[in-house]
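These notes concern the structure reproduced below.
The values are calculated or read from the model by the stated rules, or taken from the named source; none is laboratory data. The structure displayed is predicted, hence computed values, not measured ones. FYI the Cβ positions are ideal-geometry reconstructions off the backbone, even for glycines, and counts take in every protein chain you see. Quick note on the areas: whole protein, heavy atoms, side chains included, nothing else; ligands and nucleic acids left out. Shrake-Rupley method; radii C 1.70, N 1.55, O 1.52, S 1.80 Å.
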Amino acid sequence: MTDTCRAGAPAHAPEPLRVAVLGCSGSIGTQTLDVCRRHADRLRVVALSVSSSTDALVSAAREFSAAHVAVADPAHAQDPVLGELPAGCRLASGAQAVTELATLPDVDVVVNALVGFAGIHAGYAALRAGKRLAYANKESIVCGGDLMMPLARPGALLPVDSEHSAIFQCLVGERPEDVARIWLTCSGGPFYGRTRAELERVTAAEALAHPTWTMGAKITIDCATLMNKGLEVIEAHHLFAQPVDAIRVLVHRQSKIHSMVEFVDGVVKAQLGSSDMRAPIQYALSYPERWEATASRVDWCAEDPFTFGEADEEAFGCLALAREAGRAGGTLPCAMNAANEIANERFREGLCAFPDIERVVERVMRQTPVEAVESVEQLDEVDARARELARTALSEVCS
Ligand code: MG
């Protein structure tokens, strides 16, 4: 027996996966780089993009010796710090340059950590180019699931969203037809238990104090309105080919159960772990393998008791609206999402009240004809029109 075939000897090391991290300076992006740092023998960062945070871009490009970088916002394409990019690193700017990173021949896996509908172009391009897509940009599936899902080869579309990663993990080895329903867990957000009247007076600063997860500003507000959970219902509907009404939202304040799948025989599988996004990010990169944890571990003996409850769709109407959009399908989720992106931003700027987000989303949905989704260009038009309608609705609602 030679050394190389002795039992227990490590198999020869596979080539590292070559990773593009789109949106590398945000919450998911920086945590993705953490995972890449921890598993430098398995993951090689070859491409990076930012919207405008060029300092963070240069620092990451130097650390990981990235070969390609892109700055989405042309206003930052000439920032002096970019002169400090490593030798040989290719710089491009504009939204199209970010999309092109997703299709580079020397990229195996694209981590799409872009925020909002705009992220659909890179995700769509990555799937069309046959890349593995690890996506945190749920809006691209919510709006473009009808286009994206048919392009996704088995094992090539991996969710980074913690709930969807959990459901994905519960389904490994299972048959889709054996699923009875999905229990999508929800922390309840910072305003859990408040009434509609109380929600009229809450501020953006209060909404940004999420009880269990640390995330970017846009998604944190979405968690407060429960629109995030509504988007996640539609995301799960596409990703796991389940009817919207087979996806139940379950308030679980401790955020340790990341979601559950109930099968036809009544058996329920759940995935548990710390409230640390590095776990689902890592799984989206390691699948079908499991690698040593980057995320913190949980001491289950020291945990508080788990609680479960129903989401209050009366007080948090965005969830009910999203369910409605998910049932209607077609272009309605895209219009709903656009209205939400505009109203979410206005609320963060202190320019509208918290319940105005729901009011604006509802108005835009009522004004949007539902059409079948046919192309990304069509979705761009639906998105742009819904943004205009949302601005008009905001001026009426807030005056
Ligand atoms: Mg989530």
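Would you please give the FRET efficiency between residue 103 and residue 172, computed as 1/(1 + (r/R0)^6) with r the Cβ-Cβ distance and R0 = 41 Å, to the nearest 0.05?
Between residue 103 and residue 172 the formula returns 0.90.
Work out, step by step, the length gained on full extension between residue 267 and residue 289: first 0.36 nm times the residue separation, then minus their alpha carbon distance; give nm to one decimal.
Values: separation 22, 0.36 × 22 = 7.92 nm, distance 2.48 nm.
Extending this stretch completely gives an extra 5.4 nm.
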Across 20 Å bins beginning at 0, the whole-percent shares of Cα-Cα pair distances in the chain come to 27, 58, 13, 1, 0
Close lysine pairs (the chain; alpha-carbon distance under 22 Å; 8 or more apart or on separate chains) counted at 7
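Please give the per residue accessible area of the range 329-399, computed with a probe of 1.4 Å over protein heavy atoms only, in Å². Before the final figure, lay out the partial values.
Working: 3020 Å² over 71 residues.
I get 43 Å² per residue for the range 329-399.
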Largest fluctuation, 161, 304, 79 only, Gaussian network model of the chain with Cα springs under 10 angstrom, belongs to 304
For the range 86-234, the percent of accessible surface on carbon and sulfur atoms (probe 1.4 angstrom, ligands and nucleic acids excluded) is 54
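Per residue, how many Å² of accessible area does the range 81-147 show with a 1.4 Å probe?
Numbers: 2340 Å² over 67 residues.
Value for the range 81-147: 35 Å² per residue.
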If R0 = 30 Å, then residue 297 and residue 375, at their Cβ-Cβ distance, give a FRET efficiency to the nearest 0.05 of 0.10
As a percent rounded to 5, the proportion of antiparallel DSSP bridges among beta bridges in the chain is 25
In a Gaussian network model of the chain with springs linking alpha carbons closer than 10 Å, the residue among 331, 195, 103 that fluctuates most is 195
Reported to the nearest 10 Å², residue 307 has, with a 1.4 Å probe, an accessible area equal to 70
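Sorting 269, 131 by accessible area (1.4 Å probe), largest first, what list results? Walk me through the numbers before you get to the answer.
Numbers: 269 65, 131 20 Å².
From most accessible down to least: 269, 131.
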Expressed in square angstrom to the nearest 10, the accessible area of residue 68 with a 1.4 Å probe stands at 20
Pseudo-spin-label distance residue 153 to residue 310, built 7 Å along Cα→Cβ, given in nm, is 4.5
When the charge dipole of the range 165-296 is computed with +1 at the Cβ of Lys and Arg and -1 at the Cβ of Asp and Glu, the Cα pointing farthest to the positive end, of 250, 215, 287, is that of 215
GNM of the chain, Cα pairs under 10 angstrom: of 378, 282, 169, the biggest fluctuation goes to 378
In deg cm²/dmol, rounded to the nearest 500, the helical mean residue ellipticity at 222 nm of the chain, built from -39500 (n - 2.57) for every DSSP H run of length 4 or more, is -12500 deg cm²/dmol
The alpha-carbon center of the range 322-392 and that of the range 253-280 are separated, in whole Å, by 30
The percentage of the accessible area of the range 329-399 (probe 1.4 Å, all protein chains present) made up of carbon and sulfur atoms, to the nearest whole number, is 46
